[in-house]
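These notes concern the structure reproduced below.
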Amino acid sequence: MKDWRGPLIALVILAVVGGVYLLWEPAEPAHAPEPGQEEDLTITSLDWEKIRAVGVRWLDTPELRIEREPDGRFQLTSPEARATDQDRARLLFRSAAEMRAARVVAEEDEADPADYGLDDPRRQIIIEMVDGTDIVVEVGDDSPIALDEYTSRYARLADGGDIFLVQGSRLDFYTAPFERWRDDRILRKEDIREISVTAARGTWVAEKTEAPFAWEVIEPYPVPADGAILDRFAREMRSMRINEFYADEPSREQLEELALIDGNNRVTVRGADGSTVTIIIGKFVDPQGSEVYVRREDIDEIYICSTGFYSAPGFSDVREWIADRPFALAPRDRIQEVSTVNEEGAREHLVRTEDGWHLKARDGSESDYERREINAVLDDLRSFSLRDILWPNHEEATVREAFEAETTTITVAYGQPGDTRDITLTFAPSIGDGRAYAKMVGYDVTYVFGEDILAHVSLEERIEEAREQ
């Protein structure tokens with residue numbers, strides 16, 4: 001028979017020791033969750049659209065204050081009146097309207113503010129409402145409790161209430177230095193309708209149009225522009241960021257020294273509302289040319305910006321804006337008709353149909369083709385690429401005279417059936433210099449192509465070549 005007294009005695013001892021441990025283990029307050037399982041408590045719960053201003057007083061730094069103007073835009077009013085980053089200011093107002101905490105560390109009736117650095121707080125967030133009331137959140141000492149690997153702080157409403165533990169990362173947003181709240185975007189025009197560049201070679205201007213092309217160069221002479229390139233230029237200008245606010249209210253001597261008064265490089269943009277902004281680009285900051293001094297003509301400040309925007313085509317030559325493949329301005333799937341007229345006046349006409357394409361040749365014969373057979377011809381037309389462009393005042397007499405002879409025309413009509421726009425190029429006869437010269441109907445500039453392009457004028461021949469290939 002086994003002796004059961006030994007195991008029984010051991011169980012009794014274990015129960016007694018366990019009971020003593022349970023009696024002496026300190027209990028966590030009911031309102032304190034386990035680390036890593038923090039609550040998401042609300043200190044403020046306000047309608048952010050009814051907040052008129054938010055101020056931050058933080059230790060010995062000047063008070064920061066951002067105000068909402070009647071038009072809904074935000075403005076820095078303290079420590080200086082400056083333009084503010086609209087997105088960051090909007091986030092400030094939303095954050096102040098619903099400030100969050102991780103846990104309650106002391107309830108109102110048991111809290112001694114002095115224990116948490118809240119008896120004489122030197123950190124305050126002041127929320128001014130449109131009805132004239134102020135809600136003030138006081139921030140006290142740092143807490144030894146780390147939340148999400150960040151330092152935490154104690155906070156409460158100034159008129160009393162529970163004391164909260166707030167993640168330091170939430171509060172750091174309010175304590176960003178004044179420069180971080182300033183608007184670091186030089187240009188805030190989302191819908192740019194006109195761009196003007198003044199550089200060493202002169203001034204050129206492009207305008208966004210409704211039809212027939214997305215963009216058009218209007219100075220020095222009207223000519224269709226490459227919409228993708230102009231859109232990229234506009235994006236580059238909108239993305240310009242201020243690396244440093246170099247000087248506020250600079251002297252004329254400073255402006256002259258940095259070439260910010262009558263400098264050659266300036267960009268003016270016009271928005272859909274008709275207002276314009278001119279950006280003047282001065283000297284490089286460093287020998288490497290990675291940064292440059294910049295100012296806006298309407299703001300008495302000097303900035304330092306990176307020079308990445310110089311990579312946008314069109315800063316040095318207007319030719320970079322011009323559409324170098326004129327027929328590519330017509331999307332292939334929207335081309336409805338193509339017609340040619342040679343020097344003898346013989347005409348051929350290619351028309352899109354429901355089932356494919358129909359060609360009426362120069363000799364009067366007619367043929368039908370599948371769409372895939374014509375795609376190569378359309379792609380060939382759309383690949384006609386410029387070698388150069390001649391402004392009217394630079395056109396040689398021999399070129400002008402060539403257009404007085406019998407010419408060849410190619411017209412591409414694109415759009416929707418019954419509602420099309422034409423792109424027509426008129427080609428002068430060869431003058432034996434290895435080039436082909438053309439003008440687009442409605443414009444005075446002369447396009448310069450390679451002379452071999454004239455071999456692609458006949459649609460019928462081009463279709464047969466595509467079939468053989």
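The values are calculated or read from the model by the stated rules, or taken from the named source; none is laboratory data. Everything numeric in this text was worked out from a predicted model, so none of it was measured. Please note: Cβ atoms are built from the backbone with ideal geometry, for glycine as well, and neighbour counts cover all protein chains shown.
Residue check: is L118 out of contact with any Leu (no Cβ under 8 Å at 6 or more places or on another chain), surrounded by 19 or more Cβ atoms within 10 Å (Cβ to Cβ), assigned by TED's automatic domain parsing to the domain that holds S169 and not in a strand (DSSP E or B)? In short, yes. Screening Y150 on (1) without any contact (Cβ under 8 Å) to a residue 12 or more places away in the chain; (2) hydroxyl-bearing (S, T, Y); (3) farther than 30 Å from E69 by Cα shows it passes everything except condition (1). Filtered by the rule that a residue be assigned to a strand (DSSP E or B) and under 17 Å from P224 (Cβ atoms), the stretch 438-456 gives A438, K439, M440, T446, Y447, V448, F449. On the basis of being touching a residue at least 12 places away in the same chain (Cβ under 8 Å) and closer than 29 Å to L76 by Cα, does D226 make the cut? Considered against the rule, which asks whether it is touching a residue at least 12 places away in the same chain (Cβ under 8 Å) and closer than 29 Å to L76 by Cα, D226 comes out as no.
The set of residues in the stretch 345-368 being out of contact with any helix residue (DSSP H, G or I) (no Cβ under 8 Å at 6 or more places or on another chain), assigned to a loop (DSSP other than H, G, I, E, B) and over 17 Å from T407 (Cα atoms) consists of T353, E354, D355, D363, G364, S365.
Across the stretch 197-224, the qualifying residues are those that are within 26 Å of K283 (Cα to Cα) and crowded, with 17+ Cβ neighbours inside 10 Å, and the one among them that is modelled with the lowest pLDDT is A199. Y447 satisfies every condition listed in (1) of a type outside the set (A, V, I, L, M); (2) closer than 28 Å to V318 by Cα; (3) surrounded by fewer than 17 Cβ atoms within 10 Å (Cβ to Cβ) except (3).
Given the residues A413, A405, which is the only one that is closer than 19 Å to A323 by Cβ and either surrounded by 15 or more Cβ atoms within 10 Å (Cβ to Cβ) or not hydroxyl-bearing (S, T, Y) (or both)? It would help to see each step written out before you state the result.
On the way: A405 fails: closer than 19 Å to A323 by Cβ.
After applying the criteria, what remains is A413.
Yes/no matrix, rows are residues, columns are (1) under 29 Å from the mean Cα position of the chain (by Cα); (2) over 30 Å from V448 (Cα atoms):
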position	(1), (2)
P287	yes, yes
V294	yes, yes
F315	yes, no
A323	yes, no
D355	no, yes
A361	no, no
Y369	no, yes
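Which of the residues that make up the stretch 257-272 are among the charged types (D, E, K, R), surrounded by 13 or more Cβ atoms within 10 Å (Cβ to Cβ) and either closer than 22 Å to D184 by Cβ or free of Cβ contacts under 8 Å to residues at least 40 places away in the same chain (or both)? Of everything in the stretch 257-272, those that are among the charged types (D, E, K, R), surrounded by 13 or more Cβ atoms within 10 Å (Cβ to Cβ) and either closer than 22 Å to D184 by Cβ or free of Cβ contacts under 8 Å to residues at least 40 places away in the same chain (or both) turn out to be E257, R266.
Please specify each residue of the stretch 273-282 satisfying the condition of being exposed (fewer than 13 other Cβ atoms within 10 Å of the Cβ) and at negative phi. Listed by number, the residues that qualify are D273, S275. Among residues belonging to the stretch 315-336 that are surrounded by 20 or more Cβ atoms within 10 Å (Cβ to Cβ) and not small (G, A, S), point out the one that is nearest to T353 (Cα to Cα). Checked the stretch 315-336; the qualifying residue nearest to T353 (Cα to Cα) is I335. Is it true that some residue in the stretch 371-381 is farther than 29 Å from G227 by Cα, surrounded by 15 or more Cβ atoms within 10 Å (Cβ to Cβ), in contact (Cβ under 8 Å) with a residue 40 or more places away in the chain and out of contact with any Gly (no Cβ under 9 Å at 6 or more places or on another chain)? No - not one qualifying residue is present in the stretch 371-381.
Which residues, counting only those in the stretch 281-302, are closer than 20 Å to R238 by Cβ, touching a helix residue (DSSP H, G or I) at 6+ places or on another chain (Cβ under 9 Å) and without any contact (Cβ under 8 Å) to a residue 24 or more places away in the chain? Once the filter is applied, which keeps residues that are closer than 20 Å to R238 by Cβ, touching a helix residue (DSSP H, G or I) at 6+ places or on another chain (Cβ under 9 Å) and without any contact (Cβ under 8 Å) to a residue 24 or more places away in the chain, the stretch 281-302 yields I281, V292. Among the residues of the stretch 79-115, the one identified as of a type in the set (A, V, I, L, M, F, W, C), farther than 30 Å from E301 by Cα and exposed (fewer than 12 other Cβ atoms within 10 Å of the Cβ) is A114.
Where strands (runs of 3 or more DSSP E) sit wholly within the stretch 253-344, those with at least 2 residues that are outside the structural domain of G364 (by TED's automatic domain parsing) occupy 265-271, 276-284, 291-296, 301-306.
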